[in-house]
Structure formats: C-alpha cells, structure tokens
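Beneath this line is the structure, given in structure tokens, with notes to follow.
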Amino acid sequence: MLFLILFNMLLPLCDDCPYMTICKRVEHRFSFSSALYQLILLQNAKLVGNCGLCHVQCFCQVADAYLCLKQDKQDLDPEMRMRYQLAGIVHILAISGLHISILGMGLYNLLKKIGLGIWPAGIFSLGVMLQYGIMTGGSISTMRAVTMFLIAMGARITGRIYDMMTALSVTAMMILLESPAYLLDSGFLLSFGCVLGIGVAAEKICALAGAEKKWTKALVSSMALQLVTLPVMLKFFGEVSLAGFFLNLLVLPSVGFVLMGGMAALLLGIFSISAAKLVILPARGLLLFYEYLCSLAGKLRWSTWIGGEPEIWQILVYYVFLITILFMGQYIKEPMRREQEAGMKSELSSRDKRIPGKIQRKLRTVRAAAGALMITGILILGFHPAGDLKVTCLDVGQGDGILVETPDNHHFLIDGGSSSQSDLGRYCLLPALKSQGISYLDGLFISHTDKDHISGAKELLEYMGNGLTTIRAGYLVLPSWAEKPEAWEELSDAAQKAGIKIVTGKKGDELHCGLVSFSILWPEKNATGKDVNEEAMVMELSFGEFQMLFTGDIGADTEKKLLASGILKDVDCLKVGHHGSRYSTTEAFLEKIKPELAIISCSSTNTYGHPSPETVERLEAAGSQVEYTMESGAITVETDGKKLKIHRFRKD
C-alpha cells in the first residue's frame, strides 16, 4: 500500500483533470484538513486517470458535498436564508453546536458499540471533531461547541464529572482571551446565551410553569431559550421569530436524521452516486418539509415580533426581571418541593396525593408574580416612546431613502434606492425598519423611477409579496404620468402581488395623517413621464411650524416652474435635489425657500462629482447648514413642530 501511494505521488497530473479543478477550489480555503483533503483527491485522480476508472463525476459531486460542509449562512441562497430566519430555524443551516453534538457523540457511541474502549473512542472522536471544526471554518458557535465537546470527552476519559456551566465558562474565557471583541459579536452572545438558556433557565422556568410531561417541557424549554436571548436578538436584528417557539419542536428532533443522512450519502457517493441518491431521500424529504414550514410561517403576520432595537437601560431592566424570575423558579423547585413532600406525608393519606391548599396558594402567587414580571419586562424591552416627528435620511450610498416617523405612530418611506449598493432592501431598508420597531408602512412614496431611487423599494415590495418579511404596507404612491415606463409598471405589479393599494400623486394632492400632512407640488396634471427627473414627485411635509421639502431629482427647469407657480414657501429643511448636482438647487430657488438645514444624500465614491462644490457654496451662501450622508451616515431630523434636533449615526 505504501509503495502504491509513493508510486502514484510520482505520476503526472494534467491541469484540465476534474480532480485538479476540485483541488484548486479547495486550495487556500482551509488549513490542515484542506491539505489532507487535497492529498486524497490528488491520489485518487492519479489512480483514476491511470487505471481507467469512471468515477470522475462521482468524486466531483463528493467534492461539492465537502465544500457545502464549509458553507455558513452567508453562502446560502438569500431567499432560503430569509425564509428560515422568518421561521426561527435558520440555526439548522449553519455548522453549529447542534451539528457538533450530533456528530461527536454519535461517533463516540458508535466506536464504543463496535468494541473500542473509552480512551480509544474518546481520543479518536476528539481528533475527528477538532479537524471537523477546522474544516468548517471555525465560527464562534463551532469553536464553542468543539471546545465544550473536548472538555466533555476529557471528563469521560479521565472519569471525571462533566459540568456544563464550568465547561461553558472555560470556553468563554478561552475565546475572549484570543479576541475580547467577540464579547460584542452577535454570534458569541447568541451561542453562549442559548447554552445558558438550556443549562440554567430551562429547568427553573419549567418548574414555574408546572411543566411535567415531555412535550410541555420541550415547549417551555424552547421558550426559556428565547427569553434568555430575546434582548440580543432585538439588539442586533430588531425582530424575533414567534413561530420558532413551535417549529423548533418539530424540526430539532429530526435534524440529526438530516445530518447523518447527508454524511452517509457523502461517504457512499465515493463508490456509487445512485446509491447515495437513494440514501439521501429521507433527508431530502425532511428538508422539503422544513421549507414548507418556512413558507407557511411567511404567510402569517404574527410569525415574528418586530420589537425594534432596545436601549441599554431596557436590556438591563429586562435581565433584572428575568433573573428575579429564575430565583422564583428555584424557590419553587427546591424549598417548595420539600415543603410539599412534608405536607403530603403528615396531612394526607397514602392514596390522596393532592398538593395541600396552602402550598397551592403559594405556587399560584409565585407564578402570577413571575408572569407579571415577564410580561412587564418584554413590554419594557419593546417600548419606543413617540411624541416628535422624525425624518431619517438613510445612508444608502449613491441614492435616496427617507424614513418618516410621525408622533402618532404612522410611518412612511420616501424612495429607497441606490446605484452603488446592491441588495439595498435586504441590507439597509429592512434593518432600518426593524431597528425602529416598524412592522407597517402607511405609505411608500416614489418620486421617480431611476434605479437610485427604487432599487431597494422594489426589493422590499417583492419580499412582502413572496412572504419573506412580515412587514406590510398600505399604499404605494407613484407619480401620475401619462406614459408609464417599465420600472413604474414593475413597481405596480410588485405592489399588487403584495396586496398593497396603488395610488398616483400629482400637483395639488394632499395626504393628512394625524398632525402631519404631505402636499404634492409636482408633477403637473398633464405630465407625460418622458423626463422622469424633471417630472419627479416633489413633496412638502408639514408638522406644526416645521416644513421640509423633498425634491427628488428635479433640475433648474422644474425649479423655475415651481417658482413661477407661486406654491413654494419658506421651509426649515431641504432634502437637496439630485444628490447635490450642479444643475439643481439654483440661487433663485434657495432665495425663495430659505432652508435652515440642507441634507445631501450621496456616496463618497460616486463618479458624478456629487455634491458639486458650486451647489454647496450656494447652500452655504443662503445660510443653510449642510449635512452629508457620506460623512455622517444616516441623518435624523427630530422636531416637536418648533425646535429642531439633528442626530448623526457617525458621531465623529
């Protein structure tokens, strides 16, 4: 065998060999396990090429399966990932502690059954899991799971007792010693939070809830895990899946079958692809079932709670309440149980096992207090005080995206597009809405149909229509044009699919929403839509003594027409037209509206020369304070109708 390996290592290998292609795909991606896998592939390639075997396609598919093991959630199909996130089961798609536990303990038990002792089985399992952790990229959850597995195996090998909390503490210290910044990482907080939920909170909350049957314990344990990680989920993602409480009960028990089926098919595929396809069928069926559950969750408005990003004080208050609840659970679990047993022995006959009335009253009191604390904590966590008007110019790069939040809890989005950032709906608009706890948009205004104003808005409408988000919208307001361009029709179709009403806006139209009103100043009634920039929708927002003007991408010609119409007046804030182009925001226009604040939305790397130095000079000469999203990130204007406050995302 050694002679055969050495002989094949000397054999030449052509560059267009399929095995060489696979090795290049694996190269530079992993460390030791990558090199080992490359060596195996190279040797098999030489054997196949020289022996005339016909397993090239088989090995290519096996290599693809290997590469799939490395994929994390960022490598998944975006739509599939969003569906699993919505359902609260996205964790099963990434290499995580769940996979490590199933594979590691499964391998250890298998080796024990075939006759290996504790030492050989434990050491071999340790080696395999270490390499598996390296092979899968070493994410935080993987590092945590592998380290805890090593401690657990070490305890078994040495005959010691394994303590989960001790192992978790040691693991956390090791990871944080390597990089203290992990303490601010969502993956670190969620991974360790889940283990804390299972190891500390679940048992106590089960005692509080009186869960005794297996299915009730599983449900309450799932809730306990969610309660522990709830502030982290809201802080980083702004929402939490409610459907996940129930779907995890269906999914988690069967994940092991999917994982083992995939591993078996991967190994069997080396010899026979047909046999591997047959073995993988049950796992494939389960995955299709998971996708069906995700699609079902996407159709339900209540499947997620968009609670918004909480403040630090809200998180601290919540955890104080949760810790208090856990102490209550401990009170029921230990002293109350002893009191119950003593009461049953002294007061009841052997046939009457009812809990004494005094103890029942204490249990009810403690449980009611715990429930009240939990509800109060969740309400505090999701509390977002209203009162002022907030207008946020989002940092969308080279484009426009403005979020309006009214004092009476109505929300509007004006444009939402970028020519410099892809997937704007997924990575900017959705996170912005969720961070503010916004689950419903009263209206979505589109000034015109250029890509840098609609790309993200179109994505958002498609997500609503395809059940990829629980955010909904009431109206889509498009400019009233006689000749509707293709992009206009696409937006209309996407809105109809999402069940959103479509209205058109023209000069003279007004929308009143509580204390806030929108007045449409442009386009004219006979607008054709041939020049989408000059016939863009221009709006004025009014709240008390505050006025703000949104000018889309209009240029000097439309500004002259607006001046001639006499409908312009003094405003407090101007959303500068056409990203600060030199061909808009003329001197005469500024003399008429006299904005105290001017906001320019553009990218620092744009190739159009925005903002133009001439435009900035005109704004400053008119007495305007100029703000830039390319410098400050998202800029929020907050007002009570009289005074103005400016909040910049980047404080420096």
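The values are calculated or read from the model by the stated rules, or taken from the named source; none is laboratory data. As the structure is a prediction and not an experimental result, all values here were calculated from the model. Neighbour counts are summed over all protein chains in view; Cβ atoms, including those assigned to glycine, are modelled from backbone coordinates with ideal geometry. To get the accessible areas, we keep the full protein, side chains included, count just its heavy atoms, and leave off ligands, DNA and RNA. Shrake-Rupley method; radii C 1.70, N 1.55, O 1.52, S 1.80 Å.
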With the label point 7 Å along the Cα-to-beta-carbon line of K561 and a cut-off under 17 Å to each amide N, the hits in the stretch 567-609 are 567-568, 577-578, 584-586, 589
In whole angstrom, the spacing between the Cα centers of the stretch 250-314 and the stretch 592-617 equals 49
Rounded to one decimal in nm, the spacing of the 7 Å Cα→Cβ label points at A372 and S101 is 3.6
Counting only protein heavy atoms and leaving out ligands, DNA and RNA, the solvent-accessible surface of H99 at a 1.4 Å probe, in Å² to the nearest 10, equals 10
Over all directions, the stretch 465-585 yields a Cα convex hull whose mean projected area in nm² is 8.7
Residue span E524 to D423: 0.36 nm per residue of separation minus Cα-Cα distance leaves a gain in nm of 33.1 nm
Expressed in angstrom and rounded, the centroid-to-centroid distance over alpha carbons for the stretch 136-164 and the stretch 370-447 is 41
Length gained, L116-M260, 0.36 nm per residue minus C-alpha separation, equals 49.7 nm
Rounded to the nearest 5, the percent of antiparallel DSSP beta bridges in the stretch 586-652 equals 55
Taking a crude spin-label model, label points 7 Å out from Cα along the C-beta direction, the V503 to D531 distance in nm is 2.9
Expressed in nanometres to one decimal, the distance between label points 7 Å along Cα→Cβ at R160 and L296 is 4.6
To the nearest 0.05, the calculated FRET efficiency linking S604 and F124 through their beta-carbon distance, R0 being 60 Å, is 0.65
Residue span I380 to E510: 0.36 nm per residue of separation minus Cα-Cα distance leaves a gain in nm of 43.2 nm
In the structure shown, of K507/K530; K451/K643; K434/K651; K390/K484, the pairs separated by more than 26 angstrom at the C-alpha atoms are K451/K643; K390/K484
